[in-house]
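Presented below is the structure to which this report refers.
The values are calculated or read from the model by the stated rules, or taken from the named source; none is laboratory data. What you see is a predicted model, and the numbers here were worked out from it, not measured in a lab. Cβ coordinates were reconstructed from backbone atoms using ideal geometry, including for glycine residues, and neighbour counts include every protein chain displayed. These accessible areas exclude ligands, DNA and RNA; they are computed on the full protein's heavy atoms, side chains included. Shrake-Rupley method; radii C 1.70, N 1.55, O 1.52, S 1.80 Å.
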Amino acid sequence: MNDSVLKFYDELAKEYHLLFVDWNHAISWQGEVLNKVIQSKLTVSTTNNISLLDCSCGIGTQAIGLAKYGYNVSATDISPRSVKRAEKEAVAFGVKIDFGVADFRSLDKDVSGSFDIVMSADNAIPHLLTDGDLYKAFQNINTKLNQNGLLLITIRDYDSLVKEKPSATQPRVFDEGKRIVFQVWDWAGGGKTYTINQFIMQEINGEWKTKHKKTEYRALLREDINKALSITSFSDIEWHLPTNTGYYQPIVTARKL
Ligand SMILES: C[S@@+](CC[C@H](N)C(=O)[O-])C[C@H]1O[C@@H](n2cnc3c(N)ncnc32)[C@H](O)[C@@H]1O
């Protein structure tokens, strides 16, 4: 990971909702789908008294959605501006969440207590560009889980993406043509990493404005994740694919040994 990640999300914090057709709807829908996956892994069907840490909460999309289901949510992120916005959004949505700024490679020292569930949604983990950083994050998540606690991660389907190495995402056109969002991907390292150029184009008062920011990702394959989870003492590794969950990314769950 490099500094560009923090800069990218700090600069995007105010506009992050513009990446969604309707962010409020995304909060409810993601909460519903992720709650179902979590419930399928719990032995008792309840959300009461279940502690959950979202360790890459961004502006709060999943943390708020799951807090509405009654989980006892804590939420952290490396981007202080994203956390600040998430705090305000949680108040607006009427949910109570404990927020903090933390790098998921140092949760052990940055976050107190332990949790029944630790999660990281929407492709945050692939910002870690080396095995060393990936293992550090999984080890830190492991130390924050209660015995037999559940890890849940959602990431892009790189097993399929590396076959095609797309050079851009399809433009998504919102607000009756007044907002266009897309990414241009520059592949490097023989297809192991890529830089994303995020574009948000908006017509404001009759004039088009374009915002562009970039950051780097590692194309993490499912076998890379499985290996890293096994090495860092996780068991019961299970992939929940979009065809079964309806979510837009593969979801992996695992348990602290
Ligand atoms: C694509 S965003 C997803 C945010 C949120 N989960 C959502 O879906 O709205 C990825 C998030 O991961 C965070 N992130 C990246 N690297 C991180 C790290 N080392 N520790 C904690 N958070 C990190 C970023 O700041 C960003 O908020």
For this session: Determine, yes or no, whether residue 205 is over 18 Å from residue 55 (Cα atoms) and open to solvent by 50 Å² or more (accessible area, probe 1.4 Å).
Result: yes
Problem set entry | Options 161, 150: the member that is in a helix (DSSP H, G or I) and away from the ligand (no atom under 14 Å from the Cβ) | 161
For this session: Could you figure out which of (1) open to solvent by less than 50 Å² (accessible area, probe 1.4 Å); (2) closer than 18 Å to residue 226 by Cα; (3) part of a loop (DSSP other than H, G, I, E, B) isn't true of residue 134?
Result: (3)
Problem set entry | Among residues of the stretch 25-78, those that are closer than 21 Å to residue 246 by Cα, outside any loop (DSSP other than H, G, I, E, B) and within 16 Å of the ligand (Cβ to nearest atom), counted | 21
Seminar exercise, completed: Residue count, the stretch 188-208, condition of a type outside the set (Val, Ile, Thr), under 30 Å from residue 219 (Cβ atoms) and in contact (Cβ under 8 Å) with a residue 24 or more places away in the chain, comes to 5
Exercise. Restricting the search to the stretch 177-220, which residues are of a type in the set (Asp, Glu) and in contact with a Lys or Arg (Cβ under 7 Å, 6 or more places away or on another chain)?
Worked result: 203
Exercise. Are any residues in the stretch 94-116 open to solvent by less than 30 Å² (accessible area, probe 1.4 Å) and over 21 Å from residue 128 (Cα atoms), and if so, which ones?
Worked result: 95, 97, 115
Problem set entry | Qualifying positions in the stretch 87-112 - assigned to a helix (DSSP H, G or I) and either touching a helix residue (DSSP H, G or I) at 6+ places or on another chain (Cβ under 7 Å) or in contact (Cβ under 8 Å) with a residue 60 or more places away in the chain (or both) | 89, 90, 93, 107, 108
For this session: Would you check if there is a residue in the stretch 232-247 being open to solvent by less than 50 Å² (accessible area, probe 1.4 Å), under 26 Å from residue 147 (Cα atoms) and aliphatic (A, V, I, L, M)?
Result: no
Exercise. Can you name every residue in the stretch 117-145 that is near the ligand (Cβ under 8 Å from one of its atoms), within 9 Å of residue 104 (Cβ to Cβ) and polar (S, T, N, Q)?
Worked result: 120
Problem set entry | residue 18 vs. criteria touching a Phe, Trp or Tyr at 6+ places or on another chain (Cβ under 7 Å), in contact (Cβ under 8 Å) with a residue 40 or more places away in the chain and more than 10 Å from the ligand (Cβ to nearest atom) | no
For this session: Would you mind stating whether residue 11 is closer than 25 Å to residue 243 by Cβ, open to solvent by 30 Å² or more (accessible area, probe 1.4 Å) and in a helix (DSSP H, G or I)?
Result: no
